[in-house]
Amino acid sequence: MDNPAFKDQVSLIREVFAYTHRFKKSTFVIKLDSAIIDEPAFPVLARDISLLKGNGIRIILIAGAKERINEILHRYGIECEFHKGIRITPPEAVPFIKMAAFDTANKVMTALSAYGENAVIGNWVKARALGVQDGLDYLNTGKVEKVDTVTIKKLLDEALIPIIPSIGWNSTGIPYNVNSDNLAVTLASEMEARKLFYITGNDILMTPPYKTAGSTNVSREGRISKMDVRAAKDFLDLNEGVPNRNIISCSVEACEKGVDRVHILDGRIEGVVLKEIFSSLGSGTMIHTNIYESIRPMKSDDVPAILSLMQPLIEKGLLVKRTKEDLLTWKKHYAVYSMDNIIHGCAALIPYGKEYGEIAAITVDSTYSHLGIGRRLVSFFLERAREQGIRHIFVLTTEAADWFLSLGFRTVSREELPPEKQKNYNNKRNSRILMMDLTI
């Protein structure tokens with residue numbers, strides 16, 4: 001006898017497992033508003049962050065401190081002016097702002113330690129003075145210049161959670177108060193994060209009262225669940241006084257800098273992060289880029305540009321040599337990444353029977369590698385493989401195994417390749433073999 005409730009539970013479990021596998025070894029950047037840290041739901045949020053890490057997701061946290069800074073400055077009688085939503089930071093306020101920023105970061109670390117997580121707070125942000133704008137000197141308010149991605153990646157490799165306060169330092173050690181929302185954009189972009197989360201203390205976006213336009217998804221209860229970049233820009237034009245206005249602007253900027261998806265959530269709701277990630281329904285608002293917008297089938301006219309892109313990788317031994325005739329013969333299997341009619345990347349999906357496919361010839365212009373073009377090409381062909389009913393996708397690589405592992409592939413032996421590929425395997429190159437099972 002069928003049990004509808006049991007079927008629903010099984011469907012949910014399948015959905016969770018599918019998403020868990022998809023995001024394993026991915027990097028998530030999570031910016032936490034200080035307003036939610038003292039909320040009753042925060043310990044549960046810390047537990048859920050620990051759960052994500054336990055399932056193979058690499059977590060970077062940014063501890064916002066606006067409310068805590070306001071509290072500390074008020075306590076010590078220090079006033080700061082604001083202009084266009086930006087705090088003008090006088091030198092006498094800096095020690096107290098540092099105190100508030102690190103206090104907030106310590107609270108986050110303490111909450112994580114309750115679930116056995118090891119976290120590290122550090123000064124990995126380089127900043128410079130915001131300077132004089134509109135005739136106003138912003139004094140010790142700063143702008144993020146870059147983040148120390150090398151050190152942060154090492155911490156992630158050691159299974160630690162980096163926690164980054166909203167303070168940056170210049171080359172001579174002068175501290176600056178930086179905007180944590182903007183910091184999240186820089187960090188997510190430079191770390192090539194799969195997702196960026198803004199966990200706020202504000203209500204989720206609903207319609208009404210807000211107006212929407214363009215490619216916007218609205219749930220049955222009226223929640224604005226999804227907007228592409230164009231729709232998000234239109235949303236800001238249509239609506240004044242949105243509490244999350246700067247966050248929405250930052251989300252758009254993050255997407256334009258290569259982050260595929262940004263999620264804006266109400267951190268006062270228990271389980272909000274897990275539901276947003278592991279359920280197709282979501283729980284907040286996702287702002288996303290059309291990651292396939294710049295991908296199209298290869299044309300014969302593209303071949304010279306593609307050969308030019310491939311040549312440096314061939315010379316380094318990272319890519320098997322292909323001729324003009326090779327590309328024309330396999331043209332229907334190739335796709336290119338093109339911006340403003342200039343090709344910046346390509347890849348191919350080669351079928352082996354009905355159940356296997358190889359993603360091959362992944363090539364990206366090194367000047368544009370920070371945009372996540374390679375990841376988008378792989379994602380594009382994974383979706384195409386699913387549409388074609390292919391069950392197993394494999395790749396061969398000499399130096400990019402870690403990158404493919406971060407995308408959810410697993411290392412396999414030669415015996416797991418389809419017979420035709422086993423026969424044609426190049427022993428001299430001795431490439432590593434990685435595979436993804438699309439049925440999971």
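Quick note: the coordinates plus some simple rules give every number you see, no bench work behind them. Because the structure is predicted, anything quoted here is derived from the model rather than measured. All Cβ positions, glycine included, derive from the backbone under ideal geometry; neighbour counts span all protein chains shown.
Between the range 81-106 and the range 326-383, how many Å separate their Cα centres? About 46 Å separates the Cα centre of the range 81-106 from the one of the range 326-383.
The value of relative contact order for the chain, using C-alpha pairs under 8 Å at least six residues apart, is 14 percent. Please state the shape class of the range 120-216: rounded when a/c is under 1.5, otherwise prolate if a/b exceeds b/c and oblate if not, all from the C-alpha gyration tensor. Verdict is oblate for the range 120-216.
Ranking of Phe380, Phe28 by neighbouring Cβ atoms within 10 Å, starting from the fewest: Phe380, Phe28. Neighbours of Gly168 by Cβ distance under 13 Å: Lys/Arg scored +1, Asp/Glu scored -1, total +3. Ranked for footprinting exposure by Cβ neighbours inside 10 Å, fewest first, Asp137, Asp260 give Asp137, Asp260. With distances taken between every two different alpha-carbon atoms, the chain has a Kirkwood hydrodynamic radius of 23.7 Å. Between helix 245-256 and the chain there is an angle of about 20 degrees, using the helix long axis and the longest principal axis of the Cα atoms. For the chain, the longest principal axis of the C-alpha atoms and the axis of helix 180-190 are separated by about 20°.
What the Cβ-Cβ distance of Glu71 and Val150 gives, at R0 = 45 Å and to the nearest 0.05, is a FRET efficiency of 0.80.
Dipole check for the range 295-437: with +1 at the C-beta of Lys and Arg, -1 at the C-beta of Asp and Glu, and the Cα centre as origin, the magnitude is about 240 Debye. From the square roots a ≥ b ≥ c of the eigenvalues of the alpha-carbon gyration tensor of the range 310-440, which class results: rounded (a/c under 1.5), prolate (a/b over b/c), or oblate? Verdict is rounded for the range 310-440.
Summarising the label geometry, the points placed 7 Å from Cα in the beta-carbon direction at Glu79 and Trp330 lie 7.0 nm from one another.
Using 20 Å as the Cα-Cα cut-off, could you pick out the over-long pairs in Lys31/Lys107; Lys211/Lys257; Lys53/Lys257; Lys153/Lys316; Lys25/Lys233; Lys195/Lys275?
Long pairs (Cα-Cα over 20 Å): Lys211/Lys257; Lys53/Lys257; Lys153/Lys316; Lys25/Lys233.
FRET efficiency for the pair Ile174 and Lys321, taken as 1/(1 + (r/R0)^6) with r the Cβ-Cβ distance and R0 = 56 Å, rounds to 0.60. Per-residue ellipticity at 222 nm from helix content only, as computed over the chain with -39500 (n - 2.57) for each DSSP H run of at least four residues, stands at -11000 deg cm²/dmol.
Neighbours of Asp301 by Cβ distance under 13 Å: Lys/Arg scored +1, Asp/Glu scored -1, total +3.
Model label points for Thr439 and Asp237, set 7 angstrom from Cα along the Cα-to-Cβ axis, are 4.9 nm apart. Would you mind telling me the antiparallel percentage of the DSSP bridges in the chain, rounded to 5? Given both bridge residues lie in the chain, the antiparallel proportion sits at roughly 60 percent.
Placing +1 on the Cβ of every Lys and Arg and -1 on the Cβ of every Asp and Glu, with no other charges, gives the range 170-260 a dipole of roughly 240 debye about its Cα centre. Assuming R0 = 41 Å, can you tell me the calculated FRET efficiency for the pair Arg414 and Gln311, based on Cβ-Cβ distance, to the nearest 0.05? Step by step, r from the Cβ atoms, then E = 0.90. Once the Cα atoms are used to define both axes, helix 229-238 deviates from the longest principal axis of the chain by about 30 degrees. Converting phi to 3J(HN,Hα) with the Karplus coefficients 6.51, -1.76 and 1.60 and the offset θ = phi - 60°, the range 43-58 yields x, 5, 4, 4, 5, 5, 5, 4, 5, 4, 4, x, 9, x, 8, 8 Hz in sequence order, with x at every glycine or proline.
Sorting 121-127, 155-161, 30-36 by average packing, meaning the other beta carbons within 10 Å per residue, from highest down gives 30-36, 121-127, 155-161.
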